[in-house]
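Peer 1: I have a structure here, written as structure tokens, and I will follow up with some questions on it.
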Protein chains: 2
Amino acid sequence: MATNGTNGTNGVKNNNAKYDPEFTKHVIGLMAAETKPRHREILSSLISHLHDFIRDVELTQDEWIIGVNYVNSIGQAYKKNRNEAWRVCDVLGVESLVDEINHKIVTDEGITPTSSAILGPFWSPETPFRDLGASVVQDMPKDGQLTFFHGVIKDAETGKGIPNCVFDMWQASTNGKYDVFDPENQTRHNLRGKFRTNEEGKFWFYCLKPTEYAIDTSGPSADLLKIMGRHPNRPAHIHMMVTHDDYVGVTAQLYPNDDPWLETDTVCAVKDDLLLEFKPVENEPKGATLDVEYNVRLLSKKYKPDNTMLMGNANQDNF
Amino acid sequence: MATNGTNGTNGVKNNNAKYDPEFTKHVIGLMAAETKPRHREILSSLISHLHDFIRDVELTQDEWIIGVNYVNSIGQAYKKNRNEAWRVCDVLGVESLVDEINHKIVTDEGITPTSSAILGPFWSPETPFRDLGASVVQDMPKDGQLTFFHGVIKDAETGKGIPNCVFDMWQASTNGKYDVFDPENQTRHNLRGKFRTNEEGKFWFYCLKPTEYAIDTSGPSADLLKIMGRHPNRPAHIHMMVTHDDYVGVTAQLYPNDDPWLETDTVCAVKDDLLLEFKPVENEPKGATLDVEYNVRLLSKKYKPDNTMLMGNANQDNF
């Protein structure tokens, strides 16, 4: 059993450790021998860090009760299209961290592919292929800025373009909403498209300059933001998911480099190599007023043969 | 912004740290300057430990999603008399740890008072005072074992008995239920009583030998127990809350020293100095078949002038 360092008969005992140094070991030790090794690994670490956190801040009972009530409130706020635990994770940087852990690759020579960033809940498995040079803008909003988007998908080691890559992209309209969550204003597949790179690894299409939006500002995740004095804004972004049979895929979000929320993104998903420079253009053939070039670096699947992407966990709104 | 250690234009960069060493600092740094200092302290530590946990076990995305769903399920299971987040905390040893942090005292001479243990949800502010020698057994269950319970409440430093202490006790009946949660079988205040120590610091009364019971075995807290291969049983116990104007109070649970669940208590609340030895007796004047002596050690309030007890968070069943 857990002991408190006394001998049980009287109070005279020298207790060097401020708190019972065996307690955490005791709780972990309650796990049965037949506990699955991965469960044991995860729960042992979770219990250790949870206890260390509580000891580090010397959590009071009132504070603990606030925490208990807060955890209960997360699931109570859950509903279809509102995954509150996911949001709280995002506010605490957890989704971005998990994304990095699962997708970061550095070769022995120090070469890295394009960074990944969180998928978010709005990717669609049904997005249509479009011809190179086509526009994903089926419904042009009044305040939309048509953009010519182009680049090369390269082998990060050789620098050569990779033919036959799929560049799958999706973005919100200027009202901050994605097609299926905004059926009154958008037709299906608006602002979504898949493009296949040509023999030189090039791709090009038309889209909108993306617009920033705020995550929902009610509920426990927003309460947490308020306590920390943080705003609820995400920088504007275009999502991309790049895949190829022989290369490790990259899922990321691309951000205008002049966005005001880059440094303080609510969900902590901005990385330096995911920034876009939108340049003004005139007399563009299809009427685009902005031009952006973005090149993607991929690494061979030999570096991560078991790479999987997380897809379709769509019980969230507005990330 | 968070960076991943690349320079954003090509992939050639030597990245010594396996994961971005600045990321956790970045998330913590999002807190505004006006964040309350205690909020900052708690949330900084929470974010650090949460991130360290995720990095330590290299949490996969699938595992993270399981965690997200689990957190949501806790609040979804919440209802009146079922505080699921509280239970999950108990299974992970959190309530016991918080209790220790808030109540442990060791004097410069190494003297400790009687250990505290979790309050649980069944304490009542309305428990009546009873005369020394009275019985708290208003409704005798068929399988009840009447016990003569007696002891001295002492000053842990001087060893002298403390007059005028309040020894407030409560226990479940042999069916594992407390009076207000079992109105069909128990009258109000059954198995509860407050006793005031005499001039020598002594108290004595009659109660039942306590009976062990299992915590609820449905819902997320029970799922967690199952994953860990743990049973849901609590050792039998008698609750006590000892108070005096000049001494730091002690709230604890007292356990028969032959209980089979001492080592593996589901809520990790057993401590060596909280064990009771029930001795058989014959021809006891009031018909008790068992006798137990338990002495309590208190320390002067000068050691913890701001001591508070957590009371009445009663939205739980069966602890």
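Peer 1: Which condition breaks for B:Pro163 when tested against (1) away from chain A (no Cβ under 14 Å); (2) under 20 Å from the mean Cα position of the chain (by Cα); (3) not aromatic (Phe, Trp, Tyr)?
Peer 2: (2)
Peer 1: Could you tell me whether B:Leu43 is within 8 Å of chain A (Cβ to nearest Cβ), within 24 Å of A:Met31 (Cα to Cα), touching a helix residue (DSSP H, G or I) at 6+ places or on another chain (Cβ under 8 Å) and modelled with pLDDT of 95 or more? Quick ask: steps written out before the conclusion?
Peer 2: Numbers: within 8 Å of chain A (Cβ to nearest Cβ): yes; within 24 Å of A:Met31 (Cα to Cα): no; touching a helix residue (DSSP H, G or I) at 6+ places or on another chain (Cβ under 8 Å): yes; modelled with pLDDT of 95 or more: yes.
For B:Leu43, the condition - within 8 Å of chain A (Cβ to nearest Cβ), within 24 Å of A:Met31 (Cα to Cα), touching a helix residue (DSSP H, G or I) at 6+ places or on another chain (Cβ under 8 Å) and modelled with pLDDT of 95 or more - is not met.
Peer 1: Considering only residues that are touching a residue at least 60 places away in the same chain (Cβ under 8 Å) and under 17 Å from A:Phe149 (Cβ atoms), look in segment A:252-274 and name the one that is nearest to the other protein chains (Cβ to nearest Cβ).
Peer 2: A:Asp273
Peer 1: Taking the condition more than 27 Å from B:Val281 (Cα to Cα), assigned by TED's automatic domain parsing to the domain that holds B:Thr243 and touching a helix residue (DSSP H, G or I) at 6+ places or on another chain (Cβ under 9 Å), does B:Ser116 pass? Show your work before the answer.
Peer 2: On the way: more than 27 Å from B:Val281 (Cα to Cα): yes; assigned by TED's automatic domain parsing to the domain that holds B:Thr243: yes; touching a helix residue (DSSP H, G or I) at 6+ places or on another chain (Cβ under 9 Å): yes.
When the stated conditions are applied, B:Ser116 passes them.
Peer 1: In segment B:275-302, how many are among the basic types (Lys, Arg), closer than 12 Å to B:Phe148 by Cα and assigned to a strand (DSSP E or B)? Before you say what the answer is, go through the steps one by one.
Peer 2: Filtering segment B:275-302 for residues among the basic types (Lys, Arg) gives B:279, B:286, B:297, B:301-302.
After this cut, where a residue has to be closer than 12 Å to B:Phe148 by Cα as well, the list is B:279, B:286.
Subset that is assigned to a strand (DSSP E or B): B:279.
The number of residues fulfilling the criteria is 1.
Peer 1: Okay, moving on. How about segment A:131-190: which of its residues are touching a helix residue (DSSP H, G or I) at 6+ places or on another chain (Cβ under 8 Å) and on the phi > 0 side of the Ramachandran plot?
Peer 2: Listed by number, the list holds a single entry, A:His189.
Peer 1: Here is a further query. Consider segment B:199-241. How many of its residues are more than 13 Å from every other protein chain (Cβ to nearest Cβ) and charged (D, E, K, R)? Give the steps one after another, and end with the answer.
Peer 2: Our first condition is that a residue be more than 13 Å from every other protein chain (Cβ to nearest Cβ); within segment B:199-241, this holds for B:199-218, B:222, B:236, B:238-241.
Remaining after also requiring charged (D, E, K, R): B:199-200, B:202, B:209, B:212, B:216.
Residues in segment B:199-241 being more than 13 Å from every other protein chain (Cβ to nearest Cβ) and charged (D, E, K, R): 6 in total.
Peer 1: Here is a further query. Looking at A:Gly219, is it on the phi > 0 side of the Ramachandran plot, assigned by TED's automatic domain parsing to the domain that holds A:Leu92 and surrounded by fewer than 16 Cβ atoms within 10 Å (Cβ to Cβ)?
Peer 2: Working: on the phi > 0 side of the Ramachandran plot: yes; assigned by TED's automatic domain parsing to the domain that holds A:Leu92: yes; surrounded by fewer than 16 Cβ atoms within 10 Å (Cβ to Cβ): no.
Here the answer is no, as A:Gly219 does not meet what is asked.
Peer 1: So is B:Lys226 assigned to a loop (DSSP other than H, G, I, E, B) and assigned by TED's automatic domain parsing to the domain that holds B:Ser115 or not?
Peer 2: Values: assigned to a loop (DSSP other than H, G, I, E, B): no; assigned by TED's automatic domain parsing to the domain that holds B:Ser115: yes.
It is false that B:Lys226 is assigned to a loop (DSSP other than H, G, I, E, B) and assigned by TED's automatic domain parsing to the domain that holds B:Ser115.
Peer 1: If you go through segment B:156-173 one residue at a time, how many are among the hydroxyl-bearing types (Ser, Thr, Tyr) and either closer than 15 Å to B:His189 by Cβ or outside any loop (DSSP other than H, G, I, E, B) (or both)? It would help to see each step written out before you state the result.
Peer 2: Going through segment B:156-173, the residues among the hydroxyl-bearing types (Ser, Thr, Tyr) turn out to be B:158, B:173.
Checking the rest, the ones that are also either closer than 15 Å to B:His189 by Cβ or outside any loop (DSSP other than H, G, I, E, B) (or both) come to B:173.
Total meeting the criteria: 1.
Peer 1: Within segment B:172-216, which residues are within 19 Å of the chain's Cα centre (by Cα), over 18 Å from B:Gly144 (Cβ atoms) and surrounded by 18 or more Cβ atoms within 10 Å (Cβ to Cβ)? Working first, answer last.
Peer 2: Taking segment B:172-216 and keeping what is within 19 Å of the chain's Cα centre (by Cα), we get B:172, B:176-178, B:192, B:210-216.
Right, trim to over 18 Å from B:Gly144 (Cβ atoms) and you get B:214-216.
Within segment B:172-216, just B:Ile215 meets the criteria.
Peer 1: Just to be sure I understand, how many residues within segment B:174-210 are in contact (Cβ under 8 Å) with a residue 40 or more places away in the chain and in a loop (DSSP other than H, G, I, E, B)?
Peer 2: Counting residues in segment B:174-210 that are in contact (Cβ under 8 Å) with a residue 40 or more places away in the chain and in a loop (DSSP other than H, G, I, E, B) gives 15.
Peer 1: Output the residue which, of all residues in segment B:67-122 that are on the phi > 0 side of the Ramachandran plot and facing chain A (nearest Cβ under 7 Å), is surrounded by the fewest Cβ atoms within 10 Å (Cβ to Cβ). If you could, list the steps in order and put the result at the bottom.
Peer 2: Quick first cut of segment B:67-122, residues on the phi > 0 side of the Ramachandran plot only: B:81, B:93, B:110, B:120.
Within this subset, residues satisfying the condition of being facing chain A (nearest Cβ under 7 Å) are B:93, B:110.
Numbers: B:Gly93: 25, B:Gly110: 14.
Across segment B:67-122, the extreme among qualifying residues is B:Gly110.
Peer 1: Could you tell me whether any residue of segment A:53-62 is modelled with pLDDT of 95 or more, crowded, with 23+ Cβ neighbours inside 10 Å and not polar (S, T, N, Q)?
Peer 2: yes
Peer 1: State whether the residues of segment B:147-155 include one that is within 27 Å of B:Ala269 (Cβ to Cβ) and assigned to a loop (DSSP other than H, G, I, E, B). It would help to see each step written out before you state the result.
Peer 2: Keep residues of segment B:147-155 that are within 27 Å of B:Ala269 (Cβ to Cβ), which gives B:147-155.
Next, only the ones that are assigned to a loop (DSSP other than H, G, I, E, B) stay: none.
No, that holds for no residue.
Peer 1: Looking at this structure, is B:Gln145 within 21 Å of B:Gly120 (Cβ to Cβ) and among the polar types (S, T, N, Q)? If you could, list the steps in order and put the result at the bottom.
Peer 2: Values: within 21 Å of B:Gly120 (Cβ to Cβ): no; among the polar types (S, T, N, Q): yes.
In short, no.
Peer 1: Can you pull out the residues in segment B:17-40 that are more than 7 Å from chain A (Cβ to nearest Cβ) and either surrounded by fewer than 17 Cβ atoms within 10 Å (Cβ to Cβ) or among the charged types (D, E, K, R) (or both)?
Peer 2: Answer for segment B:17-40, where residues must be more than 7 Å from chain A (Cβ to nearest Cβ) and either surrounded by fewer than 17 Cβ atoms within 10 Å (Cβ to Cβ) or among the charged types (D, E, K, R) (or both): B:Ala17, B:Lys18, B:Pro21, B:Glu22, B:Lys25, B:Gly29, B:Ala33, B:Lys36, B:Pro37, B:Arg38, B:Arg40.
Peer 1: If a residue has to be without any contact (Cβ under 8 Å) to a residue 60 or more places away in the chain and either crowded, with 22+ Cβ neighbours inside 10 Å or more than 30 Å from B:Phe167 (Cα to Cα) (or both) to count, how many in segment B:229-248 make the cut?
Peer 2: The qualifying residues number 4.
Peer 1: Would you confirm, using the coordinates I've provided, whether B:Tyr255 is of a type in the set (Ser, Thr, Tyr), modelled with pLDDT of 95 or more and touching a Pro at 6+ places or on another chain (Cβ under 6 Å)?
Peer 2: On the way: of a type in the set (Ser, Thr, Tyr): yes; modelled with pLDDT of 95 or more: yes; touching a Pro at 6+ places or on another chain (Cβ under 6 Å): yes.
It is true that B:Tyr255 is of a type in the set (Ser, Thr, Tyr), modelled with pLDDT of 95 or more and touching a Pro at 6+ places or on another chain (Cβ under 6 Å).
Peer 1: Limited to segment A:238-264, what total is found for residues that are in contact with an Asp or Glu (Cβ under 9 Å, 6 or more places away or on another chain) and part of a loop (DSSP other than H, G, I, E, B)?
Peer 2: Matching residues across segment A:238-264 total 5.
The values are calculated or read from the model by the stated rules, or taken from the named source; none is laboratory data. Quantities reported herein were computed from a predicted structural model and do not represent experimental measurements. Here Cβ is always computed from backbone atoms with ideal geometry, including for glycine, and neighbour counts include all displayed protein chains.
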